[in-house]
Each structure stands twice: as C-alpha cells, then as structure tokens.
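Attaching a single structure in structure tokens format; questions to follow.
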Amino acid sequence: MKVQIIAIGVLKNSPEKDLFEQYAKRLTYKLKVIEIDSRQDIQPSASAYLKVMSDKDIIITLDENGESLSSRSFARKLESFSNTGKTINFIIGGADGIPKEIKDLAALSLSFGKLTWPHLLVRSLLVEQLYRIQQIMCNHPYHRD
C-alpha cells in the first residue's frame, strides 16, 4: 500500500509528534508525510495540495462533515483502494478546512466524528487507524469488535 498524508502545519517536537511516530513506525509499509506550511490566517489554495499528488492518485479528505465509518468498514474501503495500486492521499486541512476543489476530487470524505479536532492531533488519530487497519487486514487481535 502506498500512503501519503498531506497536511497543513508542521509537526514539531510535541506529544502529538511522539504519538504519531509511535504508530507510524509500526506500519509495515512506507508512509510519506507532506507538510504544507501555512500562516494561520491564510487557507492554502488547491494547487498547494495538487502539486504534491498525481492526478491518478486516490484522495481521501478528513472532514467533520464526512462519512463516519467503523474501523472495519474503513479497512474494507482502504483495502479496495489499495488493490488499485494507486497512491492513497489523506488530506488534512487547517483551521479553515480543505479547499472545495480538493473535496470535489475526493473518493471518500472521512469524519472522526462531529467534534472539532486540532489538525495536528488528527494526524495521530489517522496513523493509529492506519495501523489498526493493517492489523485488521492480517487478522491480528489488536482490533476487537
């Protein structure tokens, strides 16, 4: 599986970074993280995201208005995306969200619930779910229903 996380903000030394790295190192595939450094008062344009992706890639946006899935349902969707051989790009926006042009290109818009999460913490939540999905796919008992 080829996975990129394209995210607003730079994850500096912090508890969030430690947690992210703890789960990222458990993945059996390479995870690439592309950070878009942005001033807090300016939302990056769609081109800031598009220039680091291929037009053939799969886009999954993380959005509070997206679909709320169980981990098993998310695993099935991700497995079907990974079977295409395409890179899967997870887009994490900043305080102002994700540009509409990117949302329109998404194969899936995913929500981690109706709560608002800090975008730097969302990275840790996402990478834990990626690890969980990896374990679900290989029938490891990490995930319990």
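Regarding the range 33-49, can at least one residue be identified that is in a helix (DSSP H, G or I), within 16 Å of the chain's Cα centre (by Cα), more than 24 Å from residue 135 (Cβ to Cβ) and modelled with pLDDT under 95?
Yes; the residues of the range 33-49 include at least one that is in a helix (DSSP H, G or I), within 16 Å of the chain's Cα centre (by Cα), more than 24 Å from residue 135 (Cβ to Cβ) and modelled with pLDDT under 95.
Restricted to the range 20-58, and to residues that are of a type in the set (Asp, Glu) and under 16 Å from residue 88 (Cβ atoms), which residue is surrounded by the fewest Cβ atoms within 10 Å (Cβ to Cβ)? Steps first, answer last, please.
Step one: list which residues in the range 20-58 are of a type in the set (Asp, Glu), which gives 21, 35, 37, 41, 55, 57.
Adding the requirement that they be under 16 Å from residue 88 (Cβ atoms) leaves 55, 57.
Values: 55: 6, 57: 18.
It comes out as 55.
Every residue in the range 86-145 that is of a type in the set (Gly, Ala, Ser), touching a strand residue (DSSP E or B) at 6+ places or on another chain (Cβ under 9 Å) and surrounded by 20 or more Cβ atoms within 10 Å (Cβ to Cβ), please. Steps first, please.
Step one: list which residues in the range 86-145 are of a type in the set (Gly, Ala, Ser), which gives 93-95, 97, 106-107, 109, 111, 113, 124.
Imposing the further condition that a residue be touching a strand residue (DSSP E or B) at 6+ places or on another chain (Cβ under 9 Å) reduces the set to 93-95, 97, 106-107, 109, 111, 113.
Correct list: 93 only.
Which condition number does residue 19 fail, the rest of (1) modelled with pLDDT under 90; (2) among the aliphatic types (A, V, I, L, M); (3) touching a Leu at 6+ places or on another chain (Cβ under 9 Å) being met?
It fails just one condition, (1).
For the range 67-76: of the residues being without any contact (Cβ under 8 Å) to a residue 60 or more places away in the chain and surrounded by 17 or more Cβ atoms within 10 Å (Cβ to Cβ), which is nearest to residue 112 (Cα to Cα)? Spell out how you get there, then give the answer.
Narrowing the range 67-76 to residues without any contact (Cβ under 8 Å) to a residue 60 or more places away in the chain: 67-70, 73-74, 76.
Remaining after also requiring surrounded by 17 or more Cβ atoms within 10 Å (Cβ to Cβ): 69, 74.
Numbers: 69: 8, 74: 11 Å.
So, considering only residues that are without any contact (Cβ under 8 Å) to a residue 60 or more places away in the chain and surrounded by 17 or more Cβ atoms within 10 Å (Cβ to Cβ), the one nearest to residue 112 (Cα to Cα) is 69.
Just to be sure I understand the filter: pairs with C-beta atoms under 6 Å, separated by 6 or more residues or on different chains, first member in the range 15-37 and farther than 12 Å from residue 123 by Cβ, second member loosely packed, with under 15 Cβ neighbours inside 10 Å. Which pairs pass?
Once the first residue is farther than 12 Å from residue 123 by Cβ and sits in the range 15-37, its partners that are loosely packed, with under 15 Cβ neighbours inside 10 Å give 37/10.
Just give me the residues in the range 113-131 being among the hydrophobic types (A, V, I, L, M, F, W, C) and at pLDDT below 95, in sequence order.
Filtering the range 113-131 for residues among the hydrophobic types (A, V, I, L, M, F, W, C) gives 115, 117, 120-122, 125-127, 130.
Correct list: 115, 117, 120, 121, 122.
Sticking with this structure for a sec: Give me the pairs, please: first residue somewhere in the range 114-137 and farther than 11 Å from residue 20 by Cβ, second residue anywhere and of a type in the set (S, T, N, Q) and in a loop (DSSP other than H, G, I, E, B), beta-carbon distance under 9 Å, and either six or more positions apart or on two chains.
Within 9 Å, the pairs are 114/68; 134/28.
Please verify whether the range 68-75 includes one or more residues that are in contact with a Gly (Cβ under 9 Å, 6 or more places away or on another chain), modelled with pLDDT of 95 or more and either in a loop (DSSP other than H, G, I, E, B) or aliphatic (A, V, I, L, M) (or both). Working first, answer last.
Taking the range 68-75 and keeping what is in contact with a Gly (Cβ under 9 Å, 6 or more places away or on another chain), we get 68.
Subset that is modelled with pLDDT of 95 or more: 68.
With the extra rule that they be either in a loop (DSSP other than H, G, I, E, B) or aliphatic (A, V, I, L, M) (or both), the set shrinks to 68.
Looking for residues that are in contact with a Gly (Cβ under 9 Å, 6 or more places away or on another chain), modelled with pLDDT of 95 or more and either in a loop (DSSP other than H, G, I, E, B) or aliphatic (A, V, I, L, M) (or both), one finds at least one in the range 68-75, hence yes.
Would you call residue 102 out of contact with any Asp or Glu (no Cβ under 7 Å at 6 or more places or on another chain), of a type in the set (A, V, I, L, M) and either part of a strand (DSSP E or B) or without any contact (Cβ under 8 Å) to a residue 40 or more places away in the chain (or both)?
On the way: out of contact with any Asp or Glu (no Cβ under 7 Å at 6 or more places or on another chain): yes; of a type in the set (A, V, I, L, M): yes; either part of a strand (DSSP E or B) or without any contact (Cβ under 8 Å) to a residue 40 or more places away in the chain (or both): no.
No: the conditions fail for residue 102.
In the range 78-99, what count of residues is obtained for those that are of a type in the set (Val, Ile, Thr) and either in a strand (DSSP E or B) or closer than 21 Å to residue 121 by Cβ (or both)?
Keep residues of the range 78-99 that are of a type in the set (Val, Ile, Thr), which gives 84, 87-88, 91-92, 98.
Now restrict to residues that are either in a strand (DSSP E or B) or closer than 21 Å to residue 121 by Cβ (or both): 88, 91-92, 98.
Going through the range 78-99 one residue at a time, the tally reaches 4.
Related question: What number of residues in the range 85-99 are over 24 Å from residue 11 (Cα atoms) and at pLDDT 95 or above? So that I can check it myself, show each step before the final result.
Looking only at the range 85-99, we keep the residues that are over 24 Å from residue 11 (Cα atoms), and these are 85-86.
Among the residues that remain, those that are also at pLDDT 95 or above are: 86.
The qualifying residues number 1.
The values are calculated or read from the model by the stated rules, or taken from the named source; none is laboratory data. All values derive from a computational prediction rather than experimental measurement. Ideal geometry is used to build each Cβ from the backbone, glycine not excepted, and the neighbour counts take in all protein chains shown.
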